[in-house]
Amino acid sequence: MSHASAPWSRPSPPVQEPPRTRTLFYHRLAHADPRHRWWMPLVEGLILLAVLLLLTIGFFLIMVFAAPGRIEGDILAMDQLDPVVFFILFGSVVLMLPSALLARLVLGPRPLGLIFSVTGRIRWKWLFTCFVAAVAIYALINAIAVGLELAAGGRPVSLQPAPGFWWLMASVIFVVPLQCAAEEVVFRGYLAQTIGRWLKHPAWAILLPVPLFVLGHAYDIWGQASVGIMAVAMGIITWRTGGLEAAIALHAVNNMTVSLMAMVGLTDMNDTSGAPTDLIAVALINGGYVALVFLLVRRNRSVAVTRTIVLPPPPQPARLPELGHRPPRLAADASGLAAYVLDPATQRYLVLPPQYGPYSVRDGQGRYVGLLDTRTAHGAHAGHDVAPAALGEPSGSISDESAPRVHGPDPHGTTTPAPPAGPHGTTTPPSPGTTPPPAGPGERDNTPTYTGRHDG
């Protein structure tokens, strides 16, 4: 006789919890490195300043020997269109770039490229796109300004190349972009991520570095106001685009434009004064560029603006070991009334010498809970003849604040006495009336007072 076989089904695979993730904007990228600590940006800044000081001293010593007699007195008061002075002014700022990268390499966060963008690298294609956008905005605004000036009766200015024009051109092409990148790495990179390490809202990371950036430019009040507008614009696009590329492009095009105009006599590079009307042009240029970058990053979905990290799994709840894994002497106790304190972190038992009992039990806030019952079925304290060494387990203490605290002697000799005993041998808790009296000798207490108890 044959029987129909039972339907067979493949066992379903165990359900795995999806990993926990966290999304970070550019100014919060310090949290992408789990080994990074709150104090590290401070030490990183000290390393940056120390390296920058050493590199600056070495750079000026080299320039003094390379161009003897060209550097005398205050270099800021010298002609900035002198090719040597131009190279020194912009080249000394470039030293901020290796200083910042070396400081970041020492203390993190890792990877090093997080100082450039959320992808951990420089996005060259996006940098080129932003550079073209900045050139278009500057060309458009300046063409409108020239047209309005000519329409108002102004005369065209004849172009007069400065002495050493091609040396200046070489510095404009190779040195000025590096100088702009160095300033952005420090002010929109290091400083913004340092502030973002402690403060979550992006406004803090955008606005707090602005005064330091403004004070680094020796202009009058109107010139510094123009620099401040530009600093705010570069901070906004750094946060919105998830990297420094858009800010580097804007900064580089601005400095290269001013330098090229000064090289052909369209502006005076040594003039540190400004006018209120300059703020109009600066606001139009930076506002137009910010709007264009916002449009480009919205339409170009390949440009990452945040970084998603996988968080470590949550800690597992404390667990008791299998009965077979307990020390033999504990495993042999079948009374059902003996209590043994376990440290969940090390999975080791703490032997409580009963000769000093009874032990008072307190919760994580130190409030009295009750007494720890360590009696056997015969009324004697369990394990009164058991020493810590007899169980083969070193003694320790429980550090979890959420677990009840057992006050009493440990093997190292420190003791915390239980509440004073009453006239009949019972223990009186510190707060009378808040807890039931403990059971007398030989009596069975059906109300558990120790939440960590495990019955064998």
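The values are calculated or read from the model by the stated rules, or taken from the named source; none is laboratory data. Computed from a prediction, not measured in an experiment: that's the story for all the values here. We place every Cβ from the backbone using ideal geometry, glycine too, and count neighbours over all the protein chains shown. Just the protein is used for accessible areas: all its heavy atoms, side chains included, with ligands, DNA and RNA removed. Shrake-Rupley method; radii C 1.70, N 1.55, O 1.52, S 1.80 Å.
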Give me the extension gain from V310 to R367: residue separation times 0.36 nm, minus the current Cα-Cα distance, reported in nm with one decimal. 16.6 nm
J(HN,Hα) series, the stretch 70-77, from Karplus relation 6.51 cos²θ - 1.76 cosθ + 1.60, nearest Hz, glycine and proline x: 8, 10, 9, x, 6, 5, 5, 8
Label-point separation, T346 to N270 (7 Å along Cα→Cβ), nm: 7.6 nm
Quick check: convex hull of the Cα atoms in the stretch 123-252, volume per residue, rounded to a whole Å³? 142 Å³
On full extension of the chain, what length is gained from R319 through I221, given 0.36 nm per residue of separation minus the C-alpha to C-alpha distance? 28.6 nm
Suppose R0 equals 56 Å; then what is the FRET efficiency for V157 and R20 from their Cβ-Cβ distance, rounded to the nearest 0.05? 0.35
With a 1.4 Å probe and all protein chains left in place, how much of the accessible area of the stretch 184-226 comes from carbon and sulfur atoms, in whole percent? 76 percent
Taking the Cβ of W239 as the center, what net charge do the other residues with Cβ under 11 Å away carry, scoring Lys and Arg +1 and Asp and Glu -1? +3
Beta carbons within 10 angstrom, averaged per residue: use that to sort the peptides 282-289, 104-111, highest first. 282-289, 104-111
Taking the Cβ of M78 as the center, what net charge do the other residues with Cβ under 13 Å away carry, scoring Lys and Arg +1 and Asp and Glu -1? -3
Cβ crowding within 10 Å averaged over residues, with 151-161, 131-141 ranked highest first: 131-141, 151-161
Got the relative contact order for the stretch 206-324 handy, in percent, Cα pairs under 8 Å and 6 or more residues apart? 31 percent
Could you let me know the centre-to-centre spacing of the stretch 108-123 and the stretch 250-315, using Cα atoms, in angstrom? 20 Å
Suppose the chain between V64 and L49 were pulled fully straight at 0.36 nm per residue; how much longer would it get relative to their current alpha carbon spacing? 3.2 nm
